[in-house]
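Q: After the structure tokens below, expect a handful of questions from me.
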Amino acid sequence: MDKKYYITTPIYYLNDSPHIGHAYTTLACDFIARFKRLDGFDVHFLTGTDEYGQKIYKTANTLGITPTELVNSNVLKFKELIKSMNFSNDDFIRTTDERHITFVQHIWEELYKKDAIYLGKYSGWYAVRDEAFYTEDELVDGKAPTGADVEWIEEESYFFRLSNFQEQLLKVIEDEENFILPKGKKNEVLSILRKEKLRDLSISRSRMQWGIPVPGDDKHVIYVWLDALFNYISALKSPKNLYDKYWPADLHVIGKDILRFHAIYWSAFIIALGLPLPKRIFAHGWWLNDGHKISKSLGNTIDPFALVSEFGTDYVRYFLMSDVVFGNDGNYTRDRLVTRINSELVNNIGNLIQRVMSFIYKNCDGKIPAADKSKFTTEDIELLNRAYSIVDRMKRLIDIQDLNAVIEEICKLGNEGNVYVDQQAPWSLKKNDPNRMRSVLYILSEVIRIIAISLQPIVPNSAAKLITMLNLQCNNNCTENMIPFSNATEFEAFKYEHKINEPQIIFNRLIV
Ligand code: MSP
């Protein structure tokens, strides 16, 4: 089995502070990266920042500072977001890094040698906000289809022969079943490729100098998207050569607004160079704020730092990942967050942990009681089997990026545990049938042990607290600070008389 996993986020423009959209894309990758590590994969998780282009240049001008000052200051906020959201990326690439610049210039030369680039003249519309070119017929009421302002540009420019790749792109995207997901988004790309005639892509700018110089012609800088997309490979090339180990990427997670750049441009660049294509591009949806599109001009952006300081990292992570079907748009309201956390983490999972562990602590001398396996009932065996098989179910879901469904699996198990506690009523068994009470508590401890292991990728801090409370030790395939999934499929791993620590509340209720 291929046990490496290379996952990337888009690299973020540094014209502004991070908002909920940036936090969301990286969070999704972090969830998957942590999950894959627990599943024994050698994971490489890359994120970073997109620092060139007209958008950054203009913002810096407006602020009266240099582009370098702007990016060096804003990159710190993105690095702070990593700490604040507890992201576990293995590398952070900046497009102003020397390693990136050298690589992009090398790529340019390669494309030039292969005759994929030529010098011509560009005239057309350009939207700085999107860093994208548009044709006259794409404009809607004089603006880009995204609503961005456009400006007319006429300049000498290098072009990439995108039009040569239309057939190949169509074939790859049609043939590779899961190259682009979700299906709806894949179909959008296919319909572009079937209906539109791809034009060659302008890939240099000469009026604006904030970019990587074109090798051999420093009147031009390289178009920001060509430069940016190659971060996915430049980061693997140095400081250590990780390319052979990790390329092709297993997953590029992006937002739906930048699918065209990835599915069409990026794929075409890769094909032109004769490199293996990434295995999958997944385009997620957008977050709205109380039903409204988030935008700076509307003043309704959602600040991830403010959310973390009000609710804590784990609750923000849990809400963002569980509240929307990954791929669909989401709608943030404070009420939704509070309700979801209270009903799922507090009332369901937290309550199960609390009632079982406090009962064991008080009534079994703080030790996991011994079970009488010869007397296990059908209900006992069913619940245990549901718990031991959760990792398999979650693995299948993570591999199709059905992220919220992974969390639903944990909640379902929590629910089943709670129903079982109610049915078995260990508090009544205490007097009448202590032997049976011990079996019931043992089975529930196993369920809670597996819930603790399963919660690690989504709420790492709370899961760590729970693991300490259960005094869980790693039994096999141990890595620092986590209990891998191989321990969750292990039957009856809790030893009888295993000592637990005094129960603490893991999930505190949020005030409405
Ligand atoms: N720099 C380019 C990406 C280059 S990748 C080689 C870029 N940067 S961005 O900062 O504008 O956006 C980065 C990501 O944030 C995109 O995936 C985008 O979809 C995502 N989001 C921006 N606003 C969003 C929401 N309101 N909701 C969810 N994600 C959104 O594009």
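Q: Within segment 213-235, how many residues turn out to be touching a helix residue (DSSP H, G or I) at 6+ places or on another chain (Cβ under 8 Å), away from the ligand (no atom under 14 Å from the Cβ) and open to solvent by less than 10 Å² (accessible area, probe 1.4 Å)?
A: Counting residues in segment 213-235 that are touching a helix residue (DSSP H, G or I) at 6+ places or on another chain (Cβ under 8 Å), away from the ligand (no atom under 14 Å from the Cβ) and open to solvent by less than 10 Å² (accessible area, probe 1.4 Å) gives 1.
Q: Which count do you get for residues in segment 107-124 that are over 23 Å from Tyr12 (Cα atoms) and out of contact with any Ser or Thr (no Cβ under 7 Å at 6 or more places or on another chain)? Lay out the reasoning, then the answer.
A: So in segment 107-124, the residues over 23 Å from Tyr12 (Cα atoms) come out as 109-124.
With the extra rule that they be out of contact with any Ser or Thr (no Cβ under 7 Å at 6 or more places or on another chain), the set shrinks to 109-119, 123.
So the count comes out to 12.
Q: Right, here's the next one. Checking Pro278 against (1) touching a His at 6+ places or on another chain (Cβ under 6 Å); (2) over 23 Å from Thr8 (Cβ atoms), only one condition comes out false. Which one?
A: So the condition that Pro278 fails would be (2).
Q: Spot the failing condition for Lys375; the list is (1) in contact (Cβ under 8 Å) with a residue 12 or more places away in the chain; (2) over 26 Å from Ile281 (Cα atoms); (3) open to solvent by less than 70 Å² (accessible area, probe 1.4 Å); (4) not β-branched (Val, Ile, Thr), and only one is missed.
A: Going through the list (1) in contact (Cβ under 8 Å) with a residue 12 or more places away in the chain; (2) over 26 Å from Ile281 (Cα atoms); (3) open to solvent by less than 70 Å² (accessible area, probe 1.4 Å); (4) not β-branched (Val, Ile, Thr), Lys375 breaks only (3).
Q: Moving on to the next point. How do the helices (runs of 4 or more DSSP H) wholly within segment 396-512 filter down when requiring 2 or more residues that are basic (Lys, Arg): which remain?
A: 426-432, 434-455
Q: Mind checking whether some residue in segment 181-196 is of a type in the set (Val, Ile, Thr) and farther than 29 Å from Asn328 by Cβ?
A: No, because not a single residue in segment 181-196 is of a type in the set (Val, Ile, Thr) and farther than 29 Å from Asn328 by Cβ.
Q: Quick one: which helices (runs of 4 or more DSSP H) lie wholly within segment 2-91 and hold at least 2 residues that are at pLDDT 95 or above and over 30 Å from Ile410 (Cβ atoms)?
A: Working: elements: 20-38, 54-63, 67-84.
Hits in segment 2-91: 54-63, 67-84.
Q: Would you point out the residue of segment 123-156, among those that are among the small types (Gly, Ala, Ser) and open to solvent by 30 Å² or more (accessible area, probe 1.4 Å), that is modelled with the highest pLDDT?
A: Gly142
Q: Still on this structure, I have one more. Given Ala463, Ala425, Ala488, which one is open to solvent by less than 20 Å² (accessible area, probe 1.4 Å), modelled with pLDDT under 95 and either within 26 Å of Ser343 (Cβ to Cβ) or touching a Phe, Trp or Tyr at 6+ places or on another chain (Cβ under 7 Å) (or both)? If you could, list the steps in order and put the result at the bottom.
A: Details: Ala463 fails: modelled with pLDDT under 95; Ala425 fails: modelled with pLDDT under 95.
One residue alone meets the criteria, Ala488.
Q: In segment 89-122, what residues are surrounded by fewer than 15 Cβ atoms within 10 Å (Cβ to Cβ) and among the polar types (S, T, N, Q)?
A: Thr102
Q: Inside segment 355-372, can you point out the residues that are on the phi > 0 side of the Ramachandran plot and open to solvent by 20 Å² or more (accessible area, probe 1.4 Å)?
A: If the condition is that a residue be on the phi > 0 side of the Ramachandran plot and open to solvent by 20 Å² or more (accessible area, probe 1.4 Å), then Asp365 is the only one that fits.
Q: Right, here's the next one. Show me the strands (runs of 3 or more DSSP E) found entirely inside segment 98-180 where at least 3 residues are touching a residue at least 12 places away in the same chain (Cβ under 8 Å) and not small (Gly, Ala, Ser).
A: In segment 98-180, 117-127, 151-160 are the strands (runs of 3 or more DSSP E) which contain 3 or more residues that are touching a residue at least 12 places away in the same chain (Cβ under 8 Å) and not small (Gly, Ala, Ser).
Q: Residues of segment 476-485 being modelled with pLDDT of 80 or more and touching a Pro at 6+ places or on another chain (Cβ under 9 Å), which ones?
A: Selection gives Met482 alone.
Q: Right, next: Go through segment 237-254 and count every residue that is in contact (Cβ under 8 Å) with a residue 12 or more places away in the chain and more than 10 Å from the ligand (Cβ to nearest atom).
A: Looking only at that region, the number is 11.
Q: Let me spell it out: the conditions are (1) within 9 Å of the ligand (Cβ to nearest atom); (2) open to solvent by 20 Å² or more (accessible area, probe 1.4 Å), and Ile20 meets all of them except one. Which number is the exception?
A: Among (1) within 9 Å of the ligand (Cβ to nearest atom); (2) open to solvent by 20 Å² or more (accessible area, probe 1.4 Å), the lone unmet condition for Ile20 is (2).
Q: While we're on this one: Restricting attention to segment 186-206, which residues are surrounded by fewer than 20 Cβ atoms within 10 Å (Cβ to Cβ) and among the basic types (Lys, Arg)?
A: Arg194, Lys195, Lys197, Arg199
The values are calculated or read from the model by the stated rules, or taken from the named source; none is laboratory data. Just so it is clear, the model here is predicted, and its values are computed rather than measured. All Cβ positions, glycine included, derive from the backbone under ideal geometry; neighbour counts span all protein chains shown. Areas reflect the complete protein model, heavy atoms only, side chains present, ligands, DNA and RNA absent. Shrake-Rupley method; radii C 1.70, N 1.55, O 1.52, S 1.80 Å.
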